[in-house]
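Taken together, the values in this text are just the output of simple stated rules run on the coordinates, not laboratory data. Computed from a predicted structure; not experimentally measured. Note that we place each Cβ from the backbone using ideal geometry, even for glycine, and neighbour counts take in every protein chain shown.
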Amino acid sequence: MREYLKYLKGDGVIWIISLIMLGFSLVSVYSFVPILVKIEGGTPFKYLFKHFMYVIIGLGVMYWIHKRNPKYISQLSKFGYFVGIALLLFTLFFGTKVNDAGRWIKIPFIGLTFQSSDFAKLALIIYLSRILSKKQEQLDSWKEGFRPLIFPVLIVCGLILKDNFSTSFLLFAISLTLLFIGKVPLSKIFLTLAGIVMVGILAVGLHKAVPELNLFPRMETWENRIFNKLDNDNDVKSNAQAMNARYAIHNGQIFGQGVGDGELKEYIPEAYADFYYSSFVEEFGLVSAVFLILLYVILLYRIIRIGLSSDRLFETFACIGIGILLLTQASVNMLVCTGVFPVTGQNMPLLAMGGSALIMTCVAIGIVQSIAHRISNEKEGAFSNVLATE
């Protein structure tokens, strides 16, 4: 392992965890796709090959980015932010609908789809980190400090909201957390939250009063998920997928049913993505589930550690934002599968069946590793200078 890791700079633990998860994803995706085969046809090998190609692309992108200087990532963050907005606007008007949600852009000629919000949420976190690092002396000012920070958040989250409430809500919460960590006054954060709540109530009221406007096309879906969770948690008809997910976890017991031997994965929609954790526990058991949680916690710890060891605020904020984003996605997937949260669409980073989410997760980890690489290079340089003076 050390022989190969010498070509990979940055944090060795993050590389090992990332490679283990990506490698394991090939096994789990091949095992968890029977429901997809049943619905869309093909063979498990077809989806395995497709996922394998995404893994190769993700690893290639991660390796390439980790060799770049983080200052270039900071300089390109504004461009990335505007590209993210352009993609969201294109999706809003011309997006391909899947499950009644227009979240995807279809890539011409190759027939693959790309979820624009996956790019936009990472672009927002990087851009927000850059602005936050530059506005530290102006955070008390609404005009010079707070507005340049909150407007990008409101724009991106607002564009995502129409077809993906959960992603919009989580991204908004992560952004506010980053602002809090960046020492933005709490009064400004609370006033923003109060304003958002008031606007949200008015918008929902307008949608109800004038349904022809169709402000929130997926409002009924959102309401059903929340009310099914609150009122009909044990109603098989209205909450079948959530109940099957919990039965799968129960069926896994301590050591699981074994690879490929899970039964309920064939009745759980998105068993390879949004309900990944249920399928995982069914086949690999409680012990493996605890180990998986531990891997994510270690990943978060290493990412935050890199951020805190940096002497540049942009790098600190970027690492914290990326770490929180990855752990939040994993946590929501687990909480949905265990029945704590209502059903929503958040997959498991590095493990769920590949696509834009997998590639953007690899981009995010590549950014963290580029920061770790720069820090280690500077420490080695400083150490060499000390030896030279002695």
Practice problem: Within 10 Å of each residue's Cβ, count the other Cβ atoms and sort Ser129, Ser376 from fewest upward. | Solution: Ser376, Ser129
Self-check item: Relative contact order (%) - criterion: Cα under 8 Å, at least six apart; region: the range 2-389
Solution: 27 percent
Quiz item: With the chain treated as a Gaussian network of Cα nodes joined by springs under 10 Å, which of Gly182, Gly200, Gly23 yields the largest mean-square fluctuation?
Solution: Gly200
Self-check item: Residue-wise HN-Hα coupling along the range 302-308, computed from phi with Karplus coefficients 6.51, -1.76, 1.60 (Hz; x: Gly, Pro)
Solution: 5, 5, 5, 4, 5, x, 6
Quiz item: Mind listing the phi-derived Karplus ³J(HN,Hα) values for the range 162-173, rounded to whole Hz, using 6.51, -1.76 and 1.60 with θ = phi - 60°, and x for any glycine or proline?
Solution: 3, 10, 8, 4, 4, 5, 4, 5, 5, 5, 5, 5
Quiz item: Sorted from fewest to most neighbouring beta carbons within 10 Å, what does the list Met334, Met348 look like?
Solution: Met334, Met348
Quiz item: Using the count of nearby Cβ atoms within 10 Å as a rough guide to exposure, how do Ile371, Ile196 rank from fewest to most?
Solution: Ile196, Ile371
Quiz item: Which far-off residues, 5 or more places away or on another chain, put their amide H under 5 Å from the one on Ile105, with H placed in the peptide plane?
Solution: Thr96, Phe114, Gln115, Ser116
Quiz item: Within the P(r) computed for the range 38-178, what percentage of the Cα pairs occupies the region above 20 Å?
Solution: 58 percent
Practice problem: In a Gaussian network model over the chain where Cα atoms closer than 10 Å are linked, find which of Ala242, Ala357, Ala203 has the largest mean-square fluctuation. | Solution: Ala203
Quiz item: Can you give the helix-only mean residue ellipticity at 222 nm for the chain, where every DSSP H stretch with n ≥ 4 adds -39500 (n - 2.57) and the sum goes over all residues, rounded to the nearest 500 deg cm²/dmol?
Solution: -23500 deg cm²/dmol
Self-check item: Relative frequency of Cα-Cα separations exceeding 27 Å in the range 2-389, percent
Solution: 52 percent
Exercise. Take peptides 73-83, 26-36 and line them up by average Cβ neighbours within 10 Å, highest first, as a rough protection proxy.
Key: 26-36, 73-83
